[in-house]
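So the structure is just underneath, and the comments pick up after that.
The values are calculated or read from the model by the stated rules, or taken from the named source; none is laboratory data. Since the structure is predicted, the reported quantities are computational estimates derived from the model, not experimental observations. For neighbour counting, all protein chains shown are included, and Cβ atoms are generated from backbone atoms with ideal geometry for every residue, glycine included. Surface areas here come from the heavy atoms of the whole protein model, side chains and all, with no ligands, DNA or RNA. Shrake-Rupley method; radii C 1.70, N 1.55, O 1.52, S 1.80 Å.
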Amino acid sequence: MSTRQSKNPQIKLAPKTDWLPQNNRPLVIAGPCSAESEEQLLQTAMEVSKIPDVTIFRAGIWKPRTRPNDFEGIGVKGLQWLKKVKEKTNLKVAIEVANQRHVFEALKYNVDIFWIGARTTVNPFSVQEIADALQGADVPVWVKNPVNPDLHLWIGALERLNKAGITRLGAIHRGFSTHENTPYRNAPKWDIAIELKRLVPELPILCDPSHIAGKREYLPTLSQKAFDLAMNGLMIETHIEPDTALSDASQQIKPEALKDLLGNLQFRKSNGNDVPVDDLLETLRSESNSIDYELIEVISRRMEVVKKIGLYKKDHNMTIFQVKRWKHLIDDRLEKASKFGLDKKFVKNVYQLLHNYSIRVQSDVMNKKANF
Ligand code: PEP
Ligand code: MN
């Protein structure tokens, strides 16, 4: 993971700062994960347009799905429906674009705002293709973080768009794919969004708690956290009948639930640059906690392998302690650790502890005490 500005320190980003709500209110984008039917879009849009902070209506027209037989979006037909949404409400409309064709079709139908999805941000070729297609189109573009926790990839995508003349630029924090145990669909890793804010303070950042959460019950806490971290607003998936949604059903909420949710949030006034120190400390601590959990998982995986080695040695009538192997192991690990700048004495102590524990586990296996 790379979250710090270690490589490529010179960030070339000059986003405009005057296109967001000027009334110290959050910017809220709401609408369904996917456009499914004209009625679904119009009914949802009519309801969310009554909520004061919601000014932009979202709908996925082409959906990047993990498996090929899932609903992959309604396609161009949905752009016609979005035109109707614009005629019937005061909302602007936003869609996800993932290639050049999407951009050209959307521009034809006067889509107001574009966003780049997490699966697209990971691919510089795709982002460049979209940036080229957008050249000369003066539209706002929001860039979701890449699925993997790589801040530079996120910044790189924003730079490509900026270089193509897009100045109304923003970032959307939607969490990261990880093998860590978290209650969420995507780990928030708030520190990465905070670091982006620190590096490019004038860049607006929205939070997409829907894709972080995966379940609607987590939306209030995540949304409040985003506001506490001085984010500029939210993108929340909203559907007139969430349980029947063709994608992301369990994380979508009804318009009336969105109204309640927003009504209960505290949007703190911020000059846009300051991230509260306590929150920074808290996010660093939570990052360190999750690294510790990974460490525990890794040690437990190592011990599972050690048990298998113990069984092998038992079957082949070998001694547990093999001096040549131990000597090779410790030399190899110390060399590796020193490449990461770790203190040799400390690493040697850790390995002695690990080795002792491994011997204990293997002798349990030999004496049939271990559980399989
Ligand atoms: C979406 O917004 O519906 C979507 C596909 O999101 P993400 O790119 O964050 O997965
Ligand atoms: Mn979705």
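Does ASN145 qualify as being within 28 Å of GLN251 (Cα to Cα), open to solvent by 40 Å² or more (accessible area, probe 1.4 Å) and modelled with pLDDT of 95 or more?
So ASN145 does not fit the description; no.
So if I check each of GLU129, GLU72, which one is within 16 Å of ligand 2 (Cβ to nearest atom), over 20 Å from the mean Cα position of the chain (by Cα) and acidic (Asp, Glu)?
Answer to the selection: GLU72.
Please count how many residues of the range 45-69 are open to solvent by 60 Å² or more (accessible area, probe 1.4 Å) and either more than 16 Å from ligand 2 (Cβ to nearest atom) or under 16 Å from GLY117 (Cβ atoms) (or both).
Residues meeting the conditions: 9.
Within 16 Å of ligand 2 (Cβ to nearest atom), within 15 Å of the chain's Cα centre (by Cα) and of a type outside the set (Phe, Trp, Tyr): does that describe ALA157?
no
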